[in-house]
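Down below is the structure, laid out as structure tokens.
The values are calculated or read from the model by the stated rules, or taken from the named source; none is laboratory data. Nothing here was measured: the structure is a model prediction, and the numbers come from that model. In this analysis, Cβ positions are derived from the backbone assuming ideal geometry, glycine residues included, and neighbour counts consider all displayed protein chains. Side chains included, ligands, DNA and RNA excluded: accessible areas come from the protein's heavy atoms. Shrake-Rupley method; radii C 1.70, N 1.55, O 1.52, S 1.80 Å.
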Amino acid sequence: MIAKHGISSIADIEQKAIEIDATILFIDSVYLFNADEKEVKGSETQRRMAVSQRSKLAAQTLGIPVVVSTQAGRKKAGMAKADLDNIEW
């Protein structure tokens, strides 16, 4: 199933997975989603954590594997190793 319209949060994705009785869930570009509709706006790090935690909760609630992907941006500030700041949100 590919969901494009009306899906803006991990909670929306979870609901769609329930509707179609999904056995595995892939969420591409997870950085584009909100954790859920009640998400409290905070710092970008707080939002990243909320989306990650909500994705893990969806896997536990649904009892299925949930695989998420994101993008790594260019290295920031000349850092030699990947860092949380390299995640493109």
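Of note:
- Of all residues in segment 55-75, those being open to solvent by less than 80 Å² (accessible area, probe 1.4 Å) and either modelled with pLDDT under 90 or in a loop (DSSP other than H, G, I, E, B) (or both) number 7.
- Residue in segment 35-49 that is on the phi < 0 side of the Ramachandran plot, open to solvent by 80 Å² or more (accessible area, probe 1.4 Å) and within 10 Å of the chain's Cα centre (by Cα) present: yes
- Taking every residue in segment 19-32 that is more than 14 Å from Ala58 (Cβ to Cβ) and pairing it with any residue that is modelled with pLDDT under 90 and charged (D, E, K, R), at least 6 positions away or on another chain, the pairs with Cβ-Cβ distances below 8 Å are Tyr31/Arg48; Tyr31/Glu88.
- Test: residue in segment 7-14 that is at pLDDT 85 or above, open to solvent by less than 90 Å² (accessible area, probe 1.4 Å), on the phi < 0 side of the Ramachandran plot and not in a helix (DSSP H, G or I): yes
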